[in-house]
Structure formats: C-alpha cells, structure tokens
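Colleague: First the structure, then my questions, so here it is.
The values are calculated or read from the model by the stated rules, or taken from the named source; none is laboratory data. Computed from a predicted structure; not experimentally measured. Here the Cβ positions follow ideal geometry from the backbone for every residue, glycine too, while neighbour counts run over all protein chains shown. Protein only, heavy atoms only, side chains kept; ligands, DNA and RNA dropped before computing areas. Shrake-Rupley method; radii C 1.70, N 1.55, O 1.52, S 1.80 Å.
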Amino acid sequence: MSASPTELTGTIIAAHGRHYLADIDGEKLQCVTRGKKTNVAVGDVVHVVKTSENQAVIERIAERTTLLYRSDQYKSKLLAANISRLFVVIATEPGFADDLVSRSLVACEAAGIEAHLILNKTDVTDLLPRARERAAQYSRLGYPVHEVSAQAHPEETVAILTPLLAGQSSIFIGQSGMGKSSLINLLIPDADIAVREISAALDTGKHTTTFTRLYWLPEVDGKAGAIIDSPGFQEFGLYHLSEGMLERAFVEFKPYLGGCKYYNCRHMAEPFCAILDAVAQGKIWKHRHELYGQLLHESAQTLY
C-alpha cells in the first residue's frame, strides 16, 4: 500500500506517554495516534498527516523488522522497533544483576535481535576480575562482551564501539549507574542538546531521563546507523513469552531440545529430561535454568 500524497513518512525518534516525535527528513513533528492507541515504538517508520505546522497524526505504522518489548502481568511496554542489535551495558561497579542481563538476552532471542554486552568501567581494576568472570558466563553462551572505560579511556571506547554500531539500528539498555549515559554522550557528542530539544518538543519539562529516544549516527565507511537510548530500569518482565518461545530463547537449551523422553516435557521436574540432565552435569548454568522456571511461572500468570 503506497503512501497517499498527503501522507509523510518518518521515523519515531522519541516517545513519552502517548506523545511521539517523528523525524521526517530532518523536520521534527509532534505526533499523536488516532484514538487511545499506544502501539507506537521508538524506531517505528510511520506514515503521518500534518495537522499544523509542527504537529501530525499517525495514520499507520510500516511493517516492522523487529519489536522489543517487556511486559508484566497486566500490560506490555514497547521498547523499540526495527532494531538489529541490543547492547546490555554492565559495569565493574555498581554490581549488575544477572537476572536483568539474562532476561534481556532471552527477549533478544525471542525477537530475533543480535545481543552484545558492554563491560564498562574497566579502569576499576580491583573489581575487574570478578566482573570479567561473571561476564564470561555470557560469552560462553555466544554473546560477545566488549570491554571499555568511557571515562578513563574515551577515545579507545569510541574506537571499539563505532564499528559495532555502523550500519546498525542499536539499542542500549542497562540498570542505572552502569555508565550508559556516558557511553551515549561519547558516541553522540550533541546528545545533551538533542535531549533538551526532544524534551521541549514533547513538553516533558525536566524529565529528560524518562523517555526513550533515537539518535542518528554519523556515517562510517558509507554506513549510517542509529542508537536508541532507553531509561534505566531494574526489571524486565517477559510475561508475553509462551512456553515454546521460552525454551527456544535459551540458546544453551537448543542442543538438548527434542532429547527428552516426553514430547511435552517442561524441563522442570520430569524424568528423563535432557535439559535437566545437562543442568546436573554443569553443561547448563543453574542460574539460567532457575530463571527459565521463573519465566514459565510468569507466563502462566498473564491476564491480558
């Protein structure tokens, strides 16, 4: 379905409540949806119709390549659309939560998004060995871990991350205090100015950390890219994932799926379960299997 002459096509670069900001060839328009729909995510390509000089209504959303969202028992929250890579920012200090990291990785697998970890604050040398040891649990699962120090070695940090972001639409997520904002400011020198502009356009006042926003990256070797920065959060609910989706979203389960005696095995307490045997043998990290059990429980509680 082609866009009508009155429609403009742009990308959603910020969202706050039911208010959105679209970038249309460099022009920024405040957008709202028709009715009470809130199914628009940062990164969405949208077709809009202007209602005034700087305002528009979203008529429809173009087909998405990916959609990342989290959910609790009652509702879901869209994080970003059309992203190809997710970077979980962890640090030597403060301590990071394995639960949040693993939930983010499971969400990526379910959504078909490539996941990486960034270990920040490597200059805190006394805490680095323990942080590396914990991060290695994820590199053994096949997720790349990139070590940086945004504050102590900014140029080296930019040199490490720039090639990973070129040509990609990426999202940075992480708990508060991991240094995510420092990384964004390094990679996007005008990020603070952009945040103020977006905040003013969305009329959010001083609450600049409560909305998700997209920044365009300078081209590298002819490749453009974008970074989506999300607010720091402490929980990542995955109530929307079904049992079948969950078992496939744990990458370390894949070699054992289909090896259980019972076709409807839930991999929790059943006899002759290939997954449980692998946990007992140390081939599957016990923490990850415990999380799988927790996610199964959450999946069963969904009310929407």
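Colleague: Of the residues Arg140, Arg103, which is in contact with a Phe, Trp or Tyr (Cβ under 6 Å, 6 or more places away or on another chain) and open to solvent by 10 Å² or more (accessible area, probe 1.4 Å)?
Modeller: Arg103
Colleague: Within the stretch 188-195, is even one residue crowded, with 18+ Cβ neighbours inside 10 Å and modelled with pLDDT of 85 or more?
Modeller: Yes, the stretch 188-195 has at least one match.
Colleague: Select from the stretch 279-304 the residues that are at pLDDT 95 or above and among the hydroxyl-bearing types (Ser, Thr, Tyr) and list them in ascending order.
Modeller: Tyr292 - this is the single residue of the stretch 279-304 that is at pLDDT 95 or above and among the hydroxyl-bearing types (Ser, Thr, Tyr).
Colleague: Does Ser52 qualify as being in contact with a Ser or Thr (Cβ under 9 Å, 6 or more places away or on another chain) and among the polar types (S, T, N, Q)?
Modeller: Answer is no for this residue.
Colleague: Still on this structure, please answer the following. Of the conditions (1) within 20 Å of the chain's Cα centre (by Cα); (2) open to solvent by 50 Å² or more (accessible area, probe 1.4 Å), Thr66 fails just one. Which one is it?
Modeller: Condition (2) is where Thr66 drops out.
Colleague: Does Leu295 satisfy the condition of being in contact (Cβ under 8 Å) with a residue 60 or more places away in the chain, closer than 24 Å to Val88 by Cβ, touching a Phe, Trp or Tyr at 6+ places or on another chain (Cβ under 9 Å) and open to solvent by less than 20 Å² (accessible area, probe 1.4 Å)?
Modeller: yes
Colleague: Hey, among Glu133, Glu114, which residue is open to solvent by 10 Å² or more (accessible area, probe 1.4 Å), in contact with a Lys or Arg (Cβ under 8 Å, 6 or more places away or on another chain) and modelled with pLDDT of 95 or more?
Modeller: Of the residues listed, the single one that is open to solvent by 10 Å² or more (accessible area, probe 1.4 Å), in contact with a Lys or Arg (Cβ under 8 Å, 6 or more places away or on another chain) and modelled with pLDDT of 95 or more is Glu114.
Colleague: Further, regarding this structure: Taking Leu86 as the residue in question, decide whether it is under 30 Å from Leu29 (Cα atoms), touching a helix residue (DSSP H, G or I) at 6+ places or on another chain (Cβ under 8 Å) and at pLDDT 95 or above.
Modeller: yes
Colleague: Looking at (1) more than 9 Å from the chain's Cα centre (by Cα); (2) over 25 Å from Ile24 (Cβ atoms); (3) in a strand (DSSP E or B), can you tell me which one Leu78 breaks?
Modeller: Single failed check for Leu78: (2).
Colleague: Given the structure, is Thr65 within 24 Å of Gln168 (Cβ to Cβ) and assigned to a strand (DSSP E or B)?
Modeller: For Thr65, the condition - within 24 Å of Gln168 (Cβ to Cβ) and assigned to a strand (DSSP E or B) - is not met.
Colleague: Can you tell me which of (1) more than 21 Å from Glu247 (Cα to Cα); (2) hydrophobic (A, V, I, L, M, F, W, C); (3) assigned to a helix (DSSP H, G or I) is the one Leu100 doesn't meet?
Modeller: Against the list (1) more than 21 Å from Glu247 (Cα to Cα); (2) hydrophobic (A, V, I, L, M, F, W, C); (3) assigned to a helix (DSSP H, G or I), Leu100 comes up short only on (1).
Colleague: Looking only at residues that are open to solvent by less than 20 Å² (accessible area, probe 1.4 Å) and hydroxyl-bearing (Ser, Thr, Tyr) in the stretch 196-236, which one is modelled with the highest pLDDT?
Modeller: Per the criteria, the residue is Tyr215.
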